[in-house]
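Asker: Got a structure here, written out as structure tokens. Questions coming.
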Amino acid sequence: MEQKKNFMVLGSADPNIIGPRMGRLRFEGKDEIETPNFLALTSRGAVPHMTPDVIASNTNIRGIHMALEDSISLADLTYGPLPGSKRISKMADRTEEWLSDLLKSRCQAIFAPVLPLDFDSQSEYINRLADDLADEIAGLAFYDSNLLPDMPATTSLSRLPRLSLDEPASPHHIIRQVSLGMDIFTIPFLGFATDAGIALTFRFPRPLPGDTDIPIDNGTAVVPLGVDMWMPTHATSLLPLSQSCSCYTCTSHHRAYIQHLLSAKEMLGWVLLQIHNHHILSSFFCSIRSSLKDGTFYSDAEDFAKIYESELPEKSGKGPRVRGYQYRSEGPGEEKKNEAAWGNLGPDDLVEGGLVPDENAEELEEKGFAERLS
Amino acid sequence: MPSALKYELVARCSTTKARAATLTLPHGPVSLPLFMPVATQASLKGLTPQQLEETGCRLCLNNTYHLGLKPGQDVLEKVGGAHNLQGWKYNILTDSGGFQMVSLLKLANITEEGVRFLSPHDGSPMLLTPEHSIALQNTIGSDIIMQLDDVLVTTSPDAKRMKEAMERSVRWLDRCIAAHANPARQNLFCIIQGGLDLELRKTCCIEMVARNTPGIAIGGLSGGEAKSDYCKVVNTCTSLLPEMKPRYVMGIGYPEDLVVSVALGADMFDCVWPTRTARFGNAITRCGVLNLRHSRYANDFRPVEEGCECVCCRQGEGGLGVTRAFVHHLAAKETVGAHLLTMHNVHYQLSLMRSVREAIIEDRFPAFLRQFFRDRYDGDKTSYPDWAVEALKTVGVDLMEN
Ligand SMILES: [Zn+2]
Ligand SMILES: [Zn+2]
């Protein structure tokens, strides 16, 4: 069946031009998003740390993210060492076969994978996509963004939205992929930063007025991409994570609280970082789109490369506890009919609340917690 | 002593000892009877302060012991107290820290000076006094602060020690009152002790009421005693307490315990259970606790609790319409599942207390109690807990009556 046209390239759509582009993506019954843009990664249908009401009231993430998660097809990928040459040719064949089956059986939007192989090894498959299947698929999913320039310069393919599964390691990589013409991104470093206690602070193409953590010596030193909130220096800081940020976390809370929550291993610390980091990414893409609109993207990209550090800050603290709780039932039948006794409400909190102090006697005294006797 | 609260009695149940009141604290009014969720370390299990506000909560609890360790008095001083630390515009109650100290630091022992313990790291002897506890709570800036008490498990067989603990708690109250730096901004509550010995409890009530603190807590309960004994203590104490002061029973949170304690004349409660149990996939509902991890919920597309008005259950504008199946699917895998149930459970507790209050005001609390137990036990009177039936009889409500 033919796919409803869900994507529109804005501005020049000449398939022979390899370069950044803007577009508009829409799925039936969902909001539309402007591209380039990113999708929030979900796990079991939920964005980690954030409940749906938090997402709705505090982020720009829309329903479309979920819709797309379902439609990215899982290519026949091998993890680990590269497959042998015989396997490579089979891999493209099998993917083609599998995609045809999928298109026959499902009526929802399917993104066809472009495999992480050199172009020649999958040329037959890609040509089939361009010639026969382009009308039926909703887009292309790239596991390797470097293959983008090799794609056949046909209108049938170039009008499809391009989704990057090429896991950019930093905003610099995002910019590079945008410059190759990528439209939609998934950004695993966003979640890694949150779990590592890092507040992302980069802006495109340069810091906004009022942003802190910028080296003062005017433009010569590089600006960090984020702030490690585990650093004890934030313990009494009443500054927001980023002064130019208008997210819930930055408008309602300060660094001292985030620092406290991380060191107390309270889940809310990661919730607040996740809200902020998603907001930073949304603004980053928004600025990229404005820059494309204004025709200043290339010079802005150059500025960004000069201004910002190449990598995210090192992780120094511990991440959230591994997800998954102790399996234990505390079912309704816990109270007996006669002379029921109170359940002991102690031990769990002992474990989870870090009740045995990390501090030694001197520190306890300094904190005003108690006094030393000798 | 000065007080930073106003207690206005709104209605009294004509049958039981239940009261409805409005308590105005430094950070706004709260409606009694009241359940207070526990945000131990200045955060409630992954909920943003905004989400907590949306559950209707206007008074939550922070633990002094935890805040004293992290972030510590120095940081609290610099950031301007616990309200500023957590961005919470409403009221906070803190405990004294003594309970955690004694129950968790195995080496702690109590002397007349205070709680002595050995630093777990270097073994050096340390002392936490009533003065330390009050100074810390003054820095925290909580709207209600608690005296340091000599707390002993109610089931302790040592009658002499129990008497000593009660008397010491009275002496420590005097030290707390003397040490309290902000009586015009923070309300110090005394804590009635005396274990299960009703005579000790009576003496303690008389002594402490004479100290005229703005509010009164009944302490040392929910420590493993039989519930019938618990009820006798609460009933005895409330009869001796002044009408126009709030009465707080510490550590109580099971729905049945809440409604029975209200009938016995108590106003305020706190407990970690509703938020803790959410982490194990348990949803508190009118008909009992559902463990949503059970496979029977895998394809149950009803809301967590039908008719519940919380953000999690509500359908339509502003509601999430979360199903049991969705929570089941997330349970044990993503913290979001626990956050959702935490929202629901806190909402359940608060809305239970709101309906209790309405019932008192409309003077139909006995009927409310009968309906509450019918719902909870699916109409099967033979499974009603004896302790609850007995306790309610003492205040004129017979659950067995048709
Ligand atoms: Zn922010
Ligand atoms: Zn609910």
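The values are calculated or read from the model by the stated rules, or taken from the named source; none is laboratory data. All values derive from a computational prediction rather than experimental measurement. Here Cβ is always computed from backbone atoms with ideal geometry, including for glycine, and neighbour counts include all displayed protein chains. Calculation scope for accessible area: heavy atoms of the full protein, side chains included, ligands and nucleic acids excluded. Shrake-Rupley method; radii C 1.70, N 1.55, O 1.52, S 1.80 Å.
Asker: Quick query: amide H of B:VAL10 versus all other amide H atoms, modeled in the peptide plane; which residues come in under 5 Å with a sequence gap of 5 or more or a different chain?
Answerer: Those lying under 5 Å, H to H, from B:VAL10 are B:ALA20, B:ALA21, B:THR22.
Asker: Oh, and also: How large is ³J(HN,Hα), in whole Hz, for each residue of region A:259-274 in order, when computed from phi with the Karplus curve 6.51 cos²θ - 1.76 cosθ + 1.60 and θ = phi - 60°, using x for Gly and Pro?
Answerer: 4, 4, 5, 5, 6, 8, 6, 8, 4, 4, x, 6, 4, 5, 5, 5
Asker: Report the residues of region A:242-283 in range of a label on A:LYS315: point 7 Å along Cα→C-beta, backbone N strictly under 14 Å from it.
Answerer: A:270
Asker: Just want to confirm a number: the relative contact order over chain B, from Cα pairs under 8 angstrom separated by 6+ residues, in percent.
Answerer: Over chain B, the number comes to 18 percent.
Asker: Also, quick follow-up: Once the convex hull of the alpha carbons of region B:277-363 is built, what does its volume come to per residue, in cubic angstrom?
Answerer: 91
Asker: Mind giving me the nanometre distance, one decimal, between the label points for A:GLU97 and B:ARG354, set 7 Å out from Cα along Cα→Cβ?
Answerer: 6.0
Asker: Can you give the convex hull volume per residue for the Cα atoms of region B:6-271, as a whole number of Å³?
Answerer: Taking only Cα atoms, region B:6-271 has a hull volume of 125 Å³ per residue.
Asker: Got a sec? What order do A:GLU311, A:GLU359 fall in by accessible area at 1.4 Å, biggest, i.e. largest, first?
Answerer: A:GLU311, A:GLU359
Asker: What is the set of long-range amide H partners of A:THR35 at a cut-off below 5 Å, with H atoms built 1.01 Å from backbone N?
Answerer: Answer set, sorted by chain and number: A:GLY23, A:ARG24, A:LEU25.
Asker: Let me ask another. With every protein chain kept in place and ligands, DNA and RNA left out, what is the accessible area per residue of region B:277-363? Probe 1.4 Å, answer in Å².
Answerer: 36
Asker: Separate question: Keeping all protein chains in the complex and leaving out DNA, RNA and ligands, what accessible area do you get for B:LYS78 with a 1.4 Å probe, in Å² to the nearest 10?
Answerer: Answer for B:LYS78: close to 120 Å² accessible.
Asker: For Cα pairs less than 8 Å apart in space and 6+ apart in sequence, what is the mean separation divided by the residue count of region B:278-400, i.e. the relative contact order in percent?
Answerer: With pairs under 8 Å counted, the relative contact order is 23 percent.
Asker: What is the Cα centroid distance between region B:114-174 and region B:337-365, reported in whole angstrom?
Answerer: Rounded to whole Å, the Cα centres lie 33 Å apart.
Asker: Give me the Kirkwood hydrodynamic radius of the protein assembly as shown in Å, from all C-alpha pairs, to one decimal place?
Answerer: Evaluated over the protein assembly as shown, this radius sits at 29.0 Å.
Asker: On the accessible surface of region B:311-402, probed at 1.4 Å, how many percent belong to carbon and sulfur atoms?
Answerer: Carbon and sulfur together cover 47 percent of it.
Asker: Computed over the Cα atoms, what is the radius of gyration of region B:182-241 divided by 2.2 N^0.38 Å, N being its residue count?
Answerer: Output field value: 1.17.
Asker: I'd like the Karplus ³J(HN,Hα) series for region A:223-237: coefficients 6.51, -1.76, 1.60, θ = phi - 60°, whole numbers in Hz, and an x wherever there's a Gly or Pro.
Answerer: Each residue's phi maps through the Karplus curve to give 9, x, 7, x, 10, 7, 6, 6, 4, x, 4, 7, 4, 10, 7 Hz.
Asker: Given the protein chains as shown and a 1.4 Å probe, how many square angstrom of B:CYS190 are accessible, to the nearest 10?
Answerer: 0
Asker: Okay, next question. Treat each spin label as a single point 7 Å out from the Cα along the C-beta direction, and report the B:SER124 to B:THR155 distance in nm.
Answerer: Spacing of the two 7 Å Cα→Cβ label points: 3.8 nm.
Asker: I'd like the antiparallel share, as a percent to the nearest 5, of DSSP beta bridges with both residues in chain B.
Answerer: Antiparallel: roughly 50 percent of the beta bridges in chain B.
Asker: If I model a spin label at B:SER295 and B:GLU77 as a point 7 Å from the Cα along the Cα→Cβ vector, what separation in nanometres do I get?
Answerer: Each label point is offset 7 Å from its Cα along the Cβ direction, giving 5.9 nm.
Asker: For region A:189-200, take each phi angle, set θ = phi - 60°, evaluate the Karplus expression 6.51 cos²θ - 1.76 cosθ + 1.60, and give the result in whole Hz per residue in order, putting x for glycine and proline.
Answerer: My calculation for region A:189-200 gives 5, 4, x, 4, 4, 4, 5, 7, x, 9, 8, 6 Hz in order.
Asker: Could you compute how much accessible surface B:ARG58 exposes when probed at 1.4 Å, giving the result in Å² to the nearest 10?
Answerer: Counting only protein heavy atoms, the figure is 70 Å².
Asker: What full-extension length gain, to one decimal in nm, is calculated for A:CYS286 and A:ASP358 as 0.36 nm per residue of separation minus the Cα-Cα distance?
Answerer: Roughly 21.5 nm would be gained on extension.
Asker: Something else now. Let's see if you can work this out: charge +1 on each Lys and Arg Cβ, -1 on each Asp and Glu Cβ, no other charges. What is the dipole magnitude of region B:145-189 about its Cα centre, in debye to the nearest 20?
Answerer: Value, rounded to 20: 80 debye.
Asker: On to the next question. Find the relative contact order for region B:1-103 and round it to a whole percent, using C-alpha pairs within less than 8 Å whose residues are 6+ positions apart.
Answerer: Relative contact order, region B:1-103: 22 percent.
Asker: Chains A and B: what accessible area do they bury, summed, in square angstrom to the nearest 100, with a 1.4 Å probe?
Answerer: 7500
Asker: Going by a ≥ b ≥ c, the root eigenvalues of the Cα gyration tensor, does region A:146-208 fall in the rounded group (a/c under 1.5), the prolate group (a/b larger than b/c) or the oblate group?
Answerer: Judged from the Cα gyration tensor, region A:146-208 comes out prolate (a/c at least 1.5, a/b above b/c).
Asker: On a C-alpha basis, how far is the centre of region A:261-292 from the centre of region B:1-59 in Å? Whole number, if you could?
Answerer: 33
Asker: Accessible area per residue, 1.4 Å probe, Å², for region A:202-299: what's the number?
Answerer: Solvent-accessible surface per residue comes out at 37 Å².
Asker: Taking amide H atoms as placed 1.01 Å from N in the peptide plane, list the residues 5 or more away in sequence, or in a different chain, whose amide H sits under 5 Å from that of B:GLY215.
Answerer: The list, which skips near neighbours in sequence, is B:CYS190.
Asker: Is region B:209-296 best put as rounded, prolate or oblate by its Cα gyration tensor, with a ≥ b ≥ c the root eigenvalues, rounded for a/c under 1.5, and otherwise prolate when a/b is larger than b/c, oblate when not?
Answerer: In terms of gyration-tensor shape, prolate.
Asker: Output the antiparallel fraction of DSSP beta bridges having both residues in the protein assembly as shown, as a percent to the nearest 5.
Answerer: Once the DSSP bridges in the protein assembly as shown are tallied, antiparallel ones form about 50 percent.
Asker: Report the FRET efficiency, 1/(1 + (r/R0)^6), for B:MET400 and A:GLU32, where r is their Cβ-Cβ distance and R0 is 51 Å, rounded to 0.05.
Answerer: Result of the calculation: an efficiency of 0.25.
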